[in-house]
Amino acid sequence: MEKIEFETVLVESAKLPMVKIDRELFLRKELKGRFAPEIVEKAIQYSPAYAGISVEDINKIAKSCITAETTRVTAISAAAGIPGGFALIGTIPADLTQYFAHILRIVQELIYLYGWQDLNLATAEMNQETKNLLTLFVGIMFGVNGAVNAINNVAAQIAKQVAKTLPQKALTKGMVYPIVKRVARLLGVKMTKQIFSKGVAKVVPIIGAAISGGLTFVTYKPMSEKLRKYLASSELASVEYYQQMEDEVIVDAEI
């Protein structure tokens, strides 16, 4: 099988209409009714942690989102497992594109809950900063070495500034950029192996569908959980971090 390029899958998956998660609408839907209106608005403007929402509360919402997305992607994967189920989208198997569309959906949902800002996937063409950031998040899900340290580097800059935009230089220059390229290469290798194993399952109708759906179920949820646990441990998800930061600003002002 010809090697699959991760960036190609990323770009093709992002084009699907169901991929984009509107950060404001998503947070409003998930937080409304659980928290006071002023807290919800502050969470949307800055982040849930900045608004004082505990990581324990966010964990409950995040887990329900993972369960919902797992159910959706498993059903789609089972349908794709039936011979003739899906063809190709460009040069990429359509079931892989669909699978990664749901990877991108859960990435967005989780990072918005845990303090990151809008990735702007609705734009006509994904910019390089967004590609690199998504590559690193997916790298964390797949357990690729180096992805966590690279994201930590970017998150630290965002946390200090309570930033509303991605730090472009951090994602396209310096020490993070080479890591992004290595993560993307390793993800391509992992995907090529995964598609080969799932391709064999498609030879037998119905059984192939069960195997394809089963493989998706046992990989998607644990990978999503891996990303959730990482994000939950980040400063961006810590109410205490922002409280401490505000206290330091007040102390400095008094001095």
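Under the condition of being over 18 Å from Glu240 (Cα atoms) and either among the acidic types (Asp, Glu) or in contact (Cβ under 8 Å) with a residue 60 or more places away in the chain (or both), the residues counted in region 15-62 number 14.
Listed residues Val183, Val176, Val203; which is over 19 Å from Thr97 (Cβ atoms), at pLDDT below 55 and β-branched (Val, Ile, Thr)? Before the answer, list the steps.
Numbers: Val183 fails: at pLDDT below 55; Val176 fails: at pLDDT below 55.
On inspection, the qualifying residue turns out to be Val203.
Which ones in region 23-55 are acidic (Asp, Glu) and open to solvent by 70 Å² or more (accessible area, probe 1.4 Å)?
Residues of region 23-55 acidic (Asp, Glu): 24, 30, 38, 41.
The answer is Glu24, Glu38, Glu41.
The values are calculated or read from the model by the stated rules, or taken from the named source; none is laboratory data. Everything numeric here is computed off the predicted structure, so don't read it as measured data. Neighbour counts run over all protein chains shown; Cβ positions are idealised from the backbone, glycine included. To get the accessible areas, we keep the full protein, side chains included, count just its heavy atoms, and leave off ligands, DNA and RNA. Shrake-Rupley method; radii C 1.70, N 1.55, O 1.52, S 1.80 Å.
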